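All remarks here apply to the structure that follows.
What follows draws every value from the coordinates through simple rules; no lab data is involved. Keep in mind that what you see is a predicted model, and the values were worked out from it rather than measured. Reconstructed Cβ throughout: ideal geometry from the backbone, glycine too, with neighbour counts over all protein chains shown.
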């Protein structure tokens, strides 16, 4: 049994308890919407103030709601396209607005957050189609601009899948920023077993979300993901942040190895003492604040095409 009492510091343990306290308890017959409301309530609890000088606006692109974050100052003209996490089932523009605002502010880059359709009402490939459609529309809308595809958890899966779909189609995508990602790794190996009962996300949760995305009776050829791809050449520079205490941890290094093997620029940072979903605690936990600072630095360096990336914390 993995000893999280040893792996996690006291601030991280307090953060995990705060997440549990901020998430409403639901009955066994709760619906998907009940879970979404509970998740959103937890997200509101951890939301911070709008950074000074930040302008946030809502619009629609390619038939999907989007939220545009414009910081007081920008390092480059590059635009981050951000896909939220939530297991393909939870989350929306409101759940991640505070994270996107802080990333935009500290990274000194514009961010466009995308609201995609959710499972199980809309199974794969609906989410991918939405994110790909918005990305293509933004490339057309802003000719000459460069883009970074970013996301956390399921959002990282979507960012990577969009990159694969656009491989060889455009040079506008110059980077991927992938935070505690799921890449459809083998749930019977590695960190899926070692951290099967990790706080914040369990192996059982991962499998359940997969069933909701693809359907419990999905055939083998209907299951897909970044690690299922067969061609990895000509993909943008990629920085991955994998949380140590997370069943998904090993997906990051596995995907990084595929990218490097195909001649791409890629690095995976294994973040010690981090749990899945840690971004919420960036204002409460010193170690998470450091991890978030590295993520913002990575975004800025990707936008400036500075390589190699080395975290400061």
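Observations, loosely collected:
- Each Cα pair under 8 Å and six or more residues apart adds its sequence gap; the mean of these over the residue count of the chain is a relative contact order of 17 percent.
- Spatial separation of Cα centroids for segment 27-80 and segment 125-201, in angstrom: 17
- Its DSSP H runs of at least 4 residues, each contributing -39,500 (n - 2.57), put the calculated 222 nm mean residue ellipticity of the chain at -11500 deg cm²/dmol, to the nearest 500.
- Residue order, fewest to most surrounding Cβ atoms within 10 angstrom, among 182, 23: 23, 182
- For peptides 129-142, 247-260, 62-75, sequence by mean Cβ density within 10 Å, most packed first: 247-260, 129-142, 62-75
- Extension gain (nm, one decimal) between residue 286 and residue 44, 0.36 nm per residue minus Cα-Cα: 85.1 nm
- Candidate values (i) 20.9; (ii) 19.4; (iii) 20.0 were compared with Kirkwood radius over Cα pairs in Å computed on the shown model; the agreeing label is (ii).
- Inter-probe distance in nm under a simple model that places probes 7 Å from Cα toward Cβ, at residue 205 and residue 257: 2.6
- Beta-bridge orientation, the chain: approximately 30 percent antiparallel, per DSSP, counting only bridges with both partners inside.
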